[in-house]
Structure formats: C-alpha cells, structure tokens
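This report refers to the structure that appears directly beneath it.
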Amino acid sequence: MSSEKPYSFFQSVERSFDKAAVFTNWDPGVLEQIKACNSVYQMRFPVKVDDKIEVIEAYRVQHSHHKTPCKGGIRFSLAVNQDEVMALAALMTYKCAIVNVPFGGGKGGIKIDPKKYSAYNLEKITRRYTAELIKKNFIGPGTDVPAPDYGTGAREMAWILDTYVAMHPGEIDAAGCVTGKPVSQGGVRGRTEATGLGIFYGLREVCNMQTVMDKLKLTVGVEGKRVCVQGLGNVGYHAAYFFKEAGAKIVGLAEYEGAIWNNDGLDLDAVVEHRKKNGSIHNFPGATNFENTGEALEMDCDILIPAALENVINGENASRIKAKIIGEGANGPLTPDADEILALKGIIVVPDMYLNAGGVTVSYFEWLKNLSHVRYGRMEKRFTENMNHHILGQMEELTGKNVSADEREFIMHGADEVDLVRSGLEETMITATREIMDIWNANPNIPDMRTAAYVCAINKVATSYAELGIFP
Ligand code: GLU
C-alpha cells in the first residue's frame with residue numbers, strides 16, 4: 001500500500017513551489033500571488049449529440065496575468081476536473097518563464113472521452129466551447145491563446161480558429177488566437193514534433209554534461225544510451241524518434257494496454273505499424289511482453305521518458321525504479337513523494353515544467369508568425385543562398401578545389417521555416433537546461449533539478465511583477 005498523502009495535483013504543484021521558494025528571497029506576499037490561479041472559468045453548456053442533449057462540463061484557467069496573453073493547451077479527457085486544469089495552468093506559467101516565452105500560464109479542459117464522439121459531434125462541442133470562451137473574453141491573440149493538449153490536435157485548433165474568426169470579422173491578428181493549427185490555417189512548420197524534439201534537446205544537453213554523467217557513471221552523449229518511453233502519442237513517439245536518430249537504443253515502449261522490451265533495441269516505426277495492425281503493442285517480434293505498463297517503468301535503462309499521464313511514478317513504485325535519468329515528457333508524471341525517493345537514490349529527474357516546453361516554445365513562434373503575417377525564412381532564404389553560392393565560388397576559385405555535391409547542397413542551403421523553428425527550439429532548450437543546472441550547482445542545498453527549475457521560474461515571474469511596479 002502506498003503511504004502517499006492524498007495531495008491533489010494542484011496541491012502537488014504548490015508543494016513543489018514551496019519547496020523551491022525557500023531558496024529565494026522574495027516577500028511571502030509575492031510568492032502567494034505567483035502561486036494563486038488568477039482566473040478560473042468553469043462552464044456547463046448543452047450540446048445536441050445525435051438525438052439527445054448532453055450537458056458538457058468544461059474549464060479554462062488563467063493561472064497568471066503577469067504577462068499576457070495567457071497560454072496553454074486544451075485537453076479532452078474524462079479525467080478533466082478543476083483541480084487538474086488549475087495545476088496544469090500553473091505549470092504553464094512556470095514553464096513559459098523558464099524558457100523565456102513571454103506568456104502567463106493557462107489551460108483548458110473539456111470533460112469528455114473524445115473517442116466516444118463522431119468528428120461531427122466533436123466539432124459541435126469544440127465550437128460551442130470556443131463560443132463560451134469568446135463570451136467571457138477568455139480567448140484572443142492578446143488575452144488567452146489555447147493550443148493542443150491531451151486528446152486534441154490541429155483539427156480542433158482549426159475549429160477554434162474558424163469559430164473565433166466568424167465572431168471577430170476583420171480582426172487582422174485573429175490567426176494568433178490559437179496555436180497548433182494546421183499549416184494551411186496559419187500554423188507553423190515544426191509544431192507537430194516540437195514537444196518531442198524539445199525533450200530530446202533538453203535531455204541531450206544533460207547527457208553532454210561531463211560532471212552529471214560522471215555522477216551517474218554514464219558516458220557523455222546520447223549515442224548508445226538505452227531509452228524507455230511510456231506513451232506512443234505525439235510527444236512520446238517524437239521523443240523516441242529523435243533519440244533513435246541520434247544513435248540511442250529504444251529498449252522499452254509502453255502503452256496503456258501493456259509494454260514491450262528488447263535489450264537489443266526496438267524498431268520504433270515497425271512497433272507503431274504493428275500496434276496499428278494488431279490493436280496492441282504486445283507480441284512484437286523479438287520483444288518480451290509486459291502485461292502491465294508499469295512493469296516497463298521499473299526495468300533497467302539509462303533514460304526513462306514517461307510521456308503519457310500524471311502520477312505514474314509515485315510513493316509506491318519509486319523505490320523500484322532503476323533508470324538513471326528520468327525525463328518527464330508528460331505533465332506531472334511523478335508525484336512529490338516519488339521525487340524525494342528518487343533524489344535519495346541519486347536518479348536525476350529532468351522536470352516536465354521545462355523539459356516538455358518545446359510545444360509552447362514553438363507555439364510562441366507560431367503566434368509571432370501570425371502577428372507578423374509572414375512565413376519564417378521567406379525574406380532571407382534566397383538572399384542567403386545567393387550569398388553562399390558566391391562565397392563558395394570564390395573559395396573554389398582561390399583554392400582550385402571543388403567540394404562534393406552533398407557538401408555543396410549543405411553549404412548553399414538557405415534556412416526554411418522548419419530549420420529556423422528547430423534552431424530556435426534547440427537554442428531555447430539548451431539555454432534553459434544550462435540556466436537550471438547553474439542554479440542547482442550554485443546551491444548544494446537544492447535537492448533536485450525540479451526544485452532548481454522552480455527557483456528559476458519563481459525568480460523570473462517575481463522579477464517581472466517587481467518590474468511591473470505591482471510590488472513596491
Ligand atoms: N499543451 C502543451 C503544453 O502543455 C502546449 C501548450 C501551448 O502550446 O500553448 O505545454
């Protein structure tokens with residue numbers, strides 16, 4: 001039986017915040033203000049689903065107005081409740097602060113199982129929810145900008161945009177009212193894989209730190225690392241994909257129906273195909289089956305990435321975890337009790353609140369694109385290519401040597417939108433990882449990386465309040 005105290009998700013976030021706050025010098029009133037959810041909008045609205053009327057429960061929480069707009073995804077799940085949306089909105093505030101994305105935190109949720117509705121009915125629910133947000137001024141490019149989250153994607157974002165535009169005719173920046181849109185609707189290239197790629201960049205930076213790797217008795221770099229990923233959704237899949245591309249071995253993959261393991265490495269795309277065809281991850285050729293997804297979390301590996309739901313590593317199973325590094329792909333996959341146990345075991349937990357910030361970082365790039373009304377790279381791509389062509393020609397003439405066709409293509413290439421988005425994301429994740437590690441290294445009493453990340457977030461939000469002149 002777990003000895004874990006029954007903390008709600010929001011209380012867990014508050015508990016982590018309090019643990020970090022003692023390492024800052026801010027006035028208790030400032031800390032209270034940072035912690036509090038500034039606006040909570042709970043709604044119930046009717047939607048005619050086939051031939052009956054359903055009353056839908058939904059939320060939008062704006063955790064912090066220290067910067068506007070507020071920003072955060074909308075999830076469709078039966079587990080949605082006010083506490084969860086508040087916790088996730090708070091995490092968004094801290095996440096945005098750490099990666100220097102100038103937004104306050106927000107989050108939305110609709111309490112439905114999206115799998116039980118046709119696309120037609122989901123569209124009706126999404127549009128009605130958007131109309132409710134518009135009525136209370138809880139959506140808009142300068143007020144609150146939703147995005148995809150668990151159970152939603154580009155399709156839902158397009159419905160939200162279309163509803164918003166219909167009710168704000170002529171608003172020139174309307175496309176910036178939501179991010180994660182299809183590219184044809186003002187989305188940005190590189191948004192789909194952004195969260196998974198951000199997780200990869202963040203963990204790669206940790207793996208490149210000699211002192212950290214020495215402590216864990218691991219070699220520096222990502223190559224050859226044994227990685228286990230829980231959750232093969234957009235986030236988990238892409239995190240696994242980029243690790244595999246960089247030469248890591250995907251030894252374990254877990255989904256809600258169970259898990260599979262192979263110490264020699266799993267072929268990620270073949271597993272995805274297998275699951276599509278057979279309706280289960282089990283019985284993949286050459287792999288061992290685990291009936292319970294939790295068993296995979298307890299296997300020996302270098303990096304464990306829980307990229308599914310909350311509370312999967314807790315006071316009950318934390319002592320059995322054998323991974324050396326845990327990268328939180330999902331929001332809140334570890335409980336505070338788990339944190340304490342893992343810190344004692346010397347396991348490094350790279351925390352959700354910055355590690356999965358790739359999504360919101362690229363959302364920020366999408367929002368900037370919408371406000372500037374121009375695709376990234378459009379102005380400079382050809383200029384760069386012409387310049388590179390000229391420089392290369394001069395070099396070849398001066399040296400009398402010609403570069404290979406592959407090298408020529410690489411050197412000449414001017415940046416496309418996806419190149420610039422990925423470059424901005426890489427820079428963001430590397431900088432954030434280093435900033436957090438610097439805070440941790442500067443104070444040996446800070447027990448874990450999550451606490452260091454909170455210290456980083458608290459300092460940034462408090463400074464922003466202070467510079468706004470709200471606190472004398
Ligand atoms: N739902 C994602 C998150 O939790 C993305 C939020 C956004 O892009 O605004 O970070």
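Taken together, the values in this text are just the output of simple stated rules run on the coordinates, not laboratory data. Given the structure is predicted, the values throughout are model-derived calculations rather than measurements. Note that we place each Cβ from the backbone using ideal geometry, even for glycine, and neighbour counts take in every protein chain shown.
Scanning segment 143-198 for residues that are near the ligand (Cβ under 10 Å from one of its atoms), farther than 22 Å from Glu84 by Cα and in a helix (DSSP H, G or I) yields Ala194, Gly198. Of the helices (runs of 4 or more DSSP H) lying entirely inside segment 311-383, those containing at least 1 residues that are in contact (Cβ under 8 Å) with a residue 40 or more places away in the chain, surrounded by fewer than 23 Cβ atoms within 10 Å (Cβ to Cβ) and within 16 Å of the ligand (Cβ to nearest atom) are 358-372. Among the residues of segment 154-173, those identified as under 24 Å from the mean Cα position of the chain (by Cα) and among the hydrophobic types (A, V, I, L, M, F, W, C) are Ala154, Met157, Ala158, Trp159, Ile160, Leu161.
Here's the yes/no breakdown for (1) of a type outside the set (D, E, K, R); (2) over 17 Å from Met92 (Cα atoms):
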position	(1), (2)
Pro146	yes, no
Asp149	no, no
Arg155	no, yes
Thr163	yes, yes
Ile172	yes, yes
Val183	yes, yes
Gly198	yes, no
Leu203	yes, yes
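Against the condition within 22 Å of Leu161 (Cβ to Cβ) and either touching a strand residue (DSSP E or B) at 6+ places or on another chain (Cβ under 9 Å) or in contact (Cβ under 8 Å) with a residue 24 or more places away in the chain (or both), how does Ile110 come out, does it pass? Considered against the rule, which asks whether it is within 22 Å of Leu161 (Cβ to Cβ) and either touching a strand residue (DSSP E or B) at 6+ places or on another chain (Cβ under 9 Å) or in contact (Cβ under 8 Å) with a residue 24 or more places away in the chain (or both), Ile110 comes out as yes.
One line per residue, one yes/no per condition, for (1) in a strand (DSSP E or B); (2) of a type in the set (Lys, Arg); (3) over 22 Å from Gly247 (Cα atoms):
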residue: Ile260; (1), (2), (3): yes, no, no
residue: Asp264; (1), (2), (3): no, no, no
residue: Asp269; (1), (2), (3): no, no, no
residue: Lys277; (1), (2), (3): no, yes, yes
residue: Ser280; (1), (2), (3): no, no, yes
residue: Pro285; (1), (2), (3): no, no, no
residue: Gly294; (1), (2), (3): no, no, yes
residue: Met299; (1), (2), (3): no, no, no
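Lys124 meets each of the listed conditions (1) without any contact (Cβ under 8 Å) to a residue 60 or more places away in the chain; (2) in a helix (DSSP H, G or I); (3) of a type in the set (D, E, K, R) apart from (1). Checked against the criterion of being part of a helix (DSSP H, G or I), within 11 Å of the ligand (Cβ to nearest atom) and charged (D, E, K, R), the candidates Lys95, Lys115 yield just one match: Lys95.
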